[in-house]
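Report on one structure; see the data block that follows.
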Amino acid sequence: MDSSAPPGLSLVSILSLLACSGQLLAAVLLTRRYCGRSSTQDWWILLWLFYDVIVHLTLEGPFVYLSLVGTVEASDGPLAELWKEYGKADSRWLVSDPTIVSIEILTVILDSLLALLLIHAVLKDKYYRHFLQIALSVCELYGGWMTFCPDWLLGSPHLNTSSLLYLWVYLVFFNGVWVLVPGLLLLQSWFSLRSLHMLRVDQSKAAKRQ
């Protein structure tokens with residue numbers, strides 16, 4: 001076997017992907033438990049929000065802890081092994097890179113709080129729902145931009161794209177989801193607020209004709 005060949009699936013990578021699937025399953029169960037009579041659109045939004053919170057608290061939270069007390073590279077345990085696997089695609093996650101850790105601290109604390117509040121707002125149909133939805137989406141998009149843009153400007157020295165797994169699954173898919181879904185949520189908020197504005201305008205015109 002050619003030792004220079006790009007790596008593929010290993011036991012650790014399989015277990016890591018299974019762990020991510022377990023997080024998604026937990027989000028589905030929570031959505032089914034709490035969504036009640038929510039619309040189909042809100043069902044999918046709640047599924048994303050539950051998954052978002054689960055990932056921030058159970059995956060990125062431990063990363064922040066490991067990075068503040070040491071480094072992922074020097075740590076042991078199942079979650080450390082999971083992050084070491086991801087670190088094969090982006091080595092900054094192994095060494096407590098200040099930019100990455102700063103973004104993740106904000107993500108774990110602020111984004112998790114916004115997502116939990118937004119879950120409540122969606123379930124209870126609160127007036128501030130779209131304010132939170134826009135704020136959370138912008139935070140997620142900004143976090144993704146600041147995660148990769150500094151490295152891109154340096155020529156991507158820390159990114160390993162030699163493997164299809166590292167490039168398309170770890171880097172593109174898992175990070176792209178946090179670009180695609182927040183973008184869709186921003187669009188949903190745009191159309192919802194537009195509809196509310198048009199309704200108010202129609203009501204105002206009707207009142208003037210009376």
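The values are calculated or read from the model by the stated rules, or taken from the named source; none is laboratory data. Predicted model, so just to flag it, every value in this text is computed and none were measured. Neighbour counts run over all protein chains shown; Cβ positions are idealised from the backbone, glycine included. The area values use the complete protein model at the heavy-atom level, side chains included, leaving out ligands, DNA and RNA. Shrake-Rupley method; radii C 1.70, N 1.55, O 1.52, S 1.80 Å.
Within 21 Å of CYS139 (Cα to Cα), at pLDDT 90 or above, out of contact with any strand residue (DSSP E or B) (no Cβ under 6 Å at 6 or more places or on another chain) and surrounded by 12 or more Cβ atoms within 10 Å (Cβ to Cβ): which single residue out of LEU57, LEU17, LEU30 fits that description?
Numbers: LEU17 fails: within 21 Å of CYS139 (Cα to Cα); LEU30 fails: within 21 Å of CYS139 (Cα to Cα).
Unique residue meeting the criteria: LEU57.
Go through LEU68, LEU94, LEU79 for me and flag whichever is farther than 24 Å from SER162 by Cβ and within 20 Å of the chain's Cα centre (by Cα).
Within the list LEU68, LEU94, LEU79, the selection yields LEU79.
Taking the range 114-146 as the region of interest, how many residues are hydroxyl-bearing (Ser, Thr, Tyr), closer than 15 Å to SER189 by Cα, open to solvent by 30 Å² or more (accessible area, probe 1.4 Å) and under 14 Å from the mean Cα position of the chain (by Cα)?
Number of matching residues: 0.
What's the number of the only condition in (1) aliphatic (A, V, I, L, M); (2) more than 17 Å from HIS56 (Cα to Cα); (3) not in a helix (DSSP H, G or I) that VAL169 fails to meet?
(3)
From the list LEU180, LEU193, LEU185, which residue is out of contact with any Asp or Glu (no Cβ under 8 Å at 6 or more places or on another chain), modelled with pLDDT of 95 or more, under 27 Å from PHE131 (Cα atoms) and open to solvent by less than 60 Å² (accessible area, probe 1.4 Å)?
Just a single option satisfies the conditions, and that option is LEU185.
Across the range 107-123, what is the total count of residues that are out of contact with any helix residue (DSSP H, G or I) (no Cβ under 7 Å at 6 or more places or on another chain) and either within 18 Å of VAL64 (Cα to Cα) or at pLDDT below 95 (or both)? It would help to see each step written out before you state the result.
Looking only at the range 107-123, we keep the residues that are out of contact with any helix residue (DSSP H, G or I) (no Cβ under 7 Å at 6 or more places or on another chain), and these are 109, 113, 120.
Going one step further and asking which of them are either within 18 Å of VAL64 (Cα to Cα) or at pLDDT below 95 (or both), we end up with 109, 113.
So the count comes out to 2.
Any residue at all in the range 190-206 that's polar (S, T, N, Q), within 21 Å of LEU110 (Cβ to Cβ) and either in contact (Cβ under 8 Å) with a residue 40 or more places away in the chain or not in a helix (DSSP H, G or I) (or both)? Walk me through how you get there before you give the answer.
Of the range 190-206, the ones polar (S, T, N, Q) are 192, 195, 203-204.
Now narrow it down to the ones that are within 21 Å of LEU110 (Cβ to Cβ): none.
Within the range 190-206 (the criterion being polar (S, T, N, Q), within 21 Å of LEU110 (Cβ to Cβ) and either in contact (Cβ under 8 Å) with a residue 40 or more places away in the chain or not in a helix (DSSP H, G or I) (or both)), the answer is no, since none of the residues qualifies.
Out of (1) modelled with pLDDT of 95 or more; (2) small (Gly, Ala, Ser); (3) surrounded by fewer than 18 Cβ atoms within 10 Å (Cβ to Cβ), the odd one out for SER162 is which?
The single condition SER162 does not satisfy is (1).
Step by step: first the residues of the range 72-91, then only those that are crowded, with 18+ Cβ neighbours inside 10 Å and either β-branched (Val, Ile, Thr) or free of Cβ contacts under 8 Å to residues at least 60 places away in the same chain (or both), then the one that is farthest from LEU17 (Cα to Cα). Which residue is that?
Only one residue fits best here, namely SER75.
So that you can scan it fast, the table gives a plain yes or no per residue for (1) outside any helix (DSSP H, G or I); (2) in contact (Cβ under 8 Å) with a residue 12 or more places away in the chain; (3) at negative phi:
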residue	(1), (2), (3)
SER96	yes, yes, no
HIS130	no, yes, yes
MET146	no, yes, yes
CYS149	no, no, yes
SER162	yes, yes, yes
